[in-house]
1. Here are some residues: B:A3, B:A8. Which one is more than 28 Å from B:G98 (Cβ to Cβ), over 24 Å from the mean Cα position of the chain (by Cα) and within 11 Å of chain A (Cβ to nearest Cβ)?
2. Give B:A24, B:A11 a once-over and let me know the one that is hydrophobic (A, V, I, L, M, F, W, C), within 18 Å of B:E161 (Cβ to Cβ) and surrounded by fewer than 19 Cβ atoms within 10 Å (Cβ to Cβ).
3. Within segment A:97-114, is there a residue that is within 14 Å of chain B (Cβ to nearest Cβ) and among the hydroxyl-bearing types (S, T, Y)?
4. If you check B:Q19, B:Q74, B:Q31, which single one turns out to be more than 11 Å from chain A (Cβ to nearest Cβ), among the polar types (S, T, N, Q) and open to solvent by less than 30 Å² (accessible area, probe 1.4 Å)?
5. Does B:A39 satisfy being facing chain A (nearest Cβ under 9 Å) and either farther than 27 Å from A:A60 by Cα or modelled with pLDDT under 95 (or both)?
6. Assess whether A:S156 counts as being over 20 Å from B:A101 (Cα atoms), of a type in the set (G, A, S) and either open to solvent by less than 70 Å² (accessible area, probe 1.4 Å) or assigned to a helix (DSSP H, G or I) (or both).
7. Take A:R74 and tell me if it is among the basic types (K, R) and in contact (Cβ under 8 Å) with a residue 24 or more places away in the chain.
8. For A:R140, all conditions in the list (1) open to solvent by 70 Å² or more (accessible area, probe 1.4 Å); (2) in a helix (DSSP H, G or I); (3) within 20 Å of B:S99 (Cβ to Cβ) hold save one; what is the number of the exception?
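The values are calculated or read from the model by the stated rules, or taken from the named source; none is laboratory data. All of these numbers come straight from a predicted model, not from anything done at the bench. Virtual Cβ from ideal backbone geometry, glycine too; neighbours counted across all protein chains shown. These area figures cover heavy atoms from the full protein model, side chains too; ligands, DNA and RNA do not enter into them. Shrake-Rupley method; radii C 1.70, N 1.55, O 1.52, S 1.80 Å.
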Amino acid sequence: MRSLTRQVTFRVNGELVTAEVSVRCLLSDFLRGSLGLTGTHVGCERGVCGSCTVLVDGEAHRSCLLLTVQVEGRSVATIESIAETSADLNPIQQAFREAHAVQCGFCTPGFIIAASVLLRENANPTDAEIIAGLAGHMCRCTGYQNIVRAVHLAASKMYPQCGS
Amino acid sequence: MFAYHRPASVAEAASLMTQYGPEARIIAGGQSLIPMMNARSVSIGHLVDINDVSELGSMRVSPEAIRIGATVRQRAVERSEEVARRCSILHEALRCIGSPAIRNRGTVVGCIALADPAGEIPAVFSALGGTVAVRGAKGERQIGNEDFFVGPFRSALRADELVTEVRFNVPGPGVGTAFIEVSPRLHDRATCGVAAVTDGTTGRLAFVGVGPTPVVFDVTGLSHSISLAVTGCVATLEPPGDIHATGAYRRRLSYVLGVRALEKAMRRSEASRVSG
């Protein structure tokens, strides 16, 4: 008899989650459907659009390309964890707002997760480094230029002692 | 619907593959397999997840070879200073794959096992030369780069086998290398890619995206004319046409990228011979 479900235990945004899940359940669907964390979006289910990106043990991963059972014992962070509180936007979110880098918002969580990793590793990225660091995220609305500006703005606010 | 298995050892994984053979698929990074599963373009009875098999998680760099286990992430190899120093073409090719998030999870062995006819890692594997270590019902065997790629997304692996490690030959002293590709956007699948290896006089070119498998040429007379050498290779290619490019355009790309890659590799070869 095939085992169609499996118990999985992992952390989501700091909290321990234990669930009996279908082995075929994608992490993106579990986060959205079972945990109500709908900030993570599903655009392509192929890994090319970037809208499903989450952090797994601090690294960017496509949640549409992970089975929920594969994050056993890991620590997952979604866009919901990025703001310090739900009332205050963090510097990257604030910068996206100020630089008009958000229109429909569908790609935004993925871009902000990617930007958070980029700025963690590089406090004063060049345009080329931003483009390389945010590669793999598609935006149909903004034309990307304001997104690059937003990352520069966020860097200048987060690391005012660095850079141009 | 599939059954999910997470073996703790290579022996256990091999036993599962022996038991379930044609119905079973290995998953490591999943960055190519899960898209196929999501698209319902592949039907799997048993998914064998090898990410917990610690024996498969190591990378070893020596002056002769780079050995990469089946669960080693592309990002780990990309970030290795030793790999960048001893085998820069592997580093160059990795940066063309997917995007940072894809490379955080995807594996180098997965790229080999997938046998994508436009794959960057197959190009580098074919140009450098190397072997794939395989485990199956009948035990272990090695498959050489020239025998591994059989057709588009088809390798010489049998239904009961899994790849445990890939070994890339490290270029010797005085050898220069380069990898170049053209794709619609930065991290898209290559329309055409070339891996070039040369000692300044002779060399090897491996083209991808222009045939059912990587197409490899041994070239000579490079100190005389790179253009002539590449023209000779490209004349025998029969590149396919698709929505991204016609066969004729791919042929043109093969020539231009072949020349550029060889010129770059030649410069690097000369630089390394001069610096000694």
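1. Residue meeting the stated conditions: B:A3.
2. B:A11
3. no
4. On the way: B:Q19 fails: open to solvent by less than 30 Å² (accessible area, probe 1.4 Å); B:Q31 fails: more than 11 Å from chain A (Cβ to nearest Cβ).
Step by step, each of B:Q19, B:Q74, B:Q31 is checked, and only B:Q74 is more than 11 Å from chain A (Cβ to nearest Cβ), among the polar types (S, T, N, Q) and open to solvent by less than 30 Å² (accessible area, probe 1.4 Å).
5. no
6. Judged against the criteria, A:S156 is a match.
7. yes
8. Against the list (1) open to solvent by 70 Å² or more (accessible area, probe 1.4 Å); (2) in a helix (DSSP H, G or I); (3) within 20 Å of B:S99 (Cβ to Cβ), A:R140 comes up short only on (2).
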